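The values are calculated or read from the model by the stated rules, or taken from the named source; none is laboratory data. Small disclaimer: the values here were computed from a predicted structure and weren't measured. Cβ placement follows ideal geometry from the backbone for every residue including glycine, while neighbour counts extend to all protein chains displayed. We work out accessible area using only protein heavy atoms, side chains counted, and drop any ligands, DNA or RNA first. Shrake-Rupley method; radii C 1.70, N 1.55, O 1.52, S 1.80 Å.
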Amino acid sequence: MACSSSLLSPSSSILRPSSFRLLESASDSFSEPKPDESKTRRSMARWATSLGVGRTFCVSLLLFVLFVSLALHFSLGPGSVSPEWIALRKLGPALSAQPSGATLEITPAANDDEAYKKNVARFSNKTKTHHTLDASPERKNLSKARLPDLLLIGVQKGGSTAVTEWLFEEGVCGATPFQDGGFSSLKELHFFDAYERFRLGKSEYLQHFKHCVGKKTRFTMDATPDSFWYPEHVYEVYKDDPDLDRLKIIVLLREPIARELSLYNHMRNLWSKDPDPKAWYRRVSTESFPEFAKKKLRDGADYKSYYAQYLSRWFQFFDPQQILVLSYEHEVLPGTPAKQRIGDFLGHSFRDDKGAFPRVNEQSNPNKIRKVPCSVVERARPTVERWNKELYELLATWKPHAMDPFPKFEIAACVGGDHNDTETN
């Protein structure tokens, strides 16, 4: 019997117990008719019994559909059909989250669905309302704009400026800088690492690349090195992009102690030109390099040279085959190996694919520190070597585009004492 919508409405007598009592009464009367019962009464009893059976069937069918729906929901999980969830499940082994200072464990991801689900959910519910292109007139040009298909995510002082200058010379399109008073440039938009900008959402990010639409360039690039520390923010913007598979990510890694020394010199140079007490580099005005390194090259909140800790998160959100990892010492400094590897990775033949990268960020500061004090090396070596070992294991496990095996970092020669060994002219 077909189920009418009126039978399932809240006002229907099927939901009222008294109706069932009437039906039962009518059914009893029909099953045992009395000899003097009229023909009309027997007909009404047959109709009531038939109606009761039909309603019971409809309720049973409705409950069965509801039960199956709930069973599928809880067995598959509410996020099981999302594109990002399917993509994450296809990736290889994952690194389990560990407390600060602990050795990272490499575990198979195939049986770790719940961990992946939590990882995606943790970062996908924060700024959802910001990631829809609005239809306001000032945004109408964004309908043709696309997210950058090339991200050079760092690391800071790993050669990103030299590589970027070369890519710009080859015709890659950069960003239109922010005009909000904060630092932003053609190379470094600083969107993902600046919360006040990131909270503006995907439409704001697209706004800074709409000028690339129609240009005779194959790639659009954001080369903010600080993006390396924020893989969750990058994923939040890119996760629903239909061209996600086209995204290419390049990261340049440098020996940690040498990187921190280069960063310290860079900050000192900025301070000498603009001693702003509110600037991000102000700490070097009161800290020697040994003091600076003691805070940076240890397990704790500011361990940005602990590359495995960050790369493991990138590999959880993006396919490792979308990521190229380059060695600063073995590939970027000589130039040719990095240029040719980048060309192969992007599937593009660059005009200038040999020789060194352009020389940039040359410092004329007479107080530039040339070598690391041996006391710094002795104190940092155990931690840095453990960090590096975990990096090599991570790359060997996830297998992104990189030298295989990835070349091991070599700590440069140090000088005695615990002082800053400065350049003399």
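A compact table of results
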{"item": "Mean projected area (nm²) of the alpha-carbon convex hull when region 280-412 is viewed from all directions", "result": "10.2"}
{"item": "Reciprocal mean inverse distance between Cα atoms of region 239-323 - Kirkwood radius, Å", "result": "15.4"}
{"item": "Extended-chain gain in nm, criterion 0.36 nm per residue less alpha-carbon gap, L333 and N367", "result": "9.9 nm"}
{"item": "Radius ratio Rg over Rh of region 142-259, counting only Cα atoms, Kirkwood formula for Rh", "result": "0.94"}
{"item": "Cα gyration tensor shape for region 288-331, rounded if a/c is under 1.5, else prolate or oblate", "result": "oblate"}
{"item": "Packing-based ranking, highest mean first, of 271-279, 168-176 given that Cβ atoms within 10 Å are counted", "result": "168-176, 271-279"}
{"item": "Of L391, Q340, Y328, farthest towards positive along the dipole that unit charges on Lys, Arg, Asp, Glu beta carbons give region 323-408", "result": "Y328"}
{"item": "Using alpha carbons only: equivalent-ellipsoid semi-axes of region 315-385, gyration tensor based, whole Å", "result": "31, 22, 10"}
{"item": "Distance violations [Cα-Cα > 30 Å] among K278/K339; K248/K294; K216/K239; K239/K354", "result": "K278/K339; K248/K294; K239/K354"}
{"item": "Computed FRET value (nearest 0.05) for E169 with F64, which takes r as the C-beta separation and R₀ as 60 Å", "result": "0.35"}
{"item": "Rh by Kirkwood over Cα pairs, then Stokes-Einstein D for region 329-369 at 0.692 mPa s and 37 °C, µm²/s", "result": "280"}
{"item": "Protein-only accessible surface order, largest first, of I342, I411 at 1.4 Å", "result": "I411, I342"}
{"item": "About the Cα centre, charge dipole magnitude for region 268-425 (Lys/Arg +1, Asp/Glu -1 at Cβ), debye", "result": "320"}
{"item": "Members of K157/K371; K157/K273; K202/K273; K144/K187 lying beyond 27 Å, as alpha-carbon distances in this model show", "result": "K202/K273"}
{"item": "Ranked packing of 205-214, 305-314, most packed first, by mean Cβ within 10 Å", "result": "305-314, 205-214"}
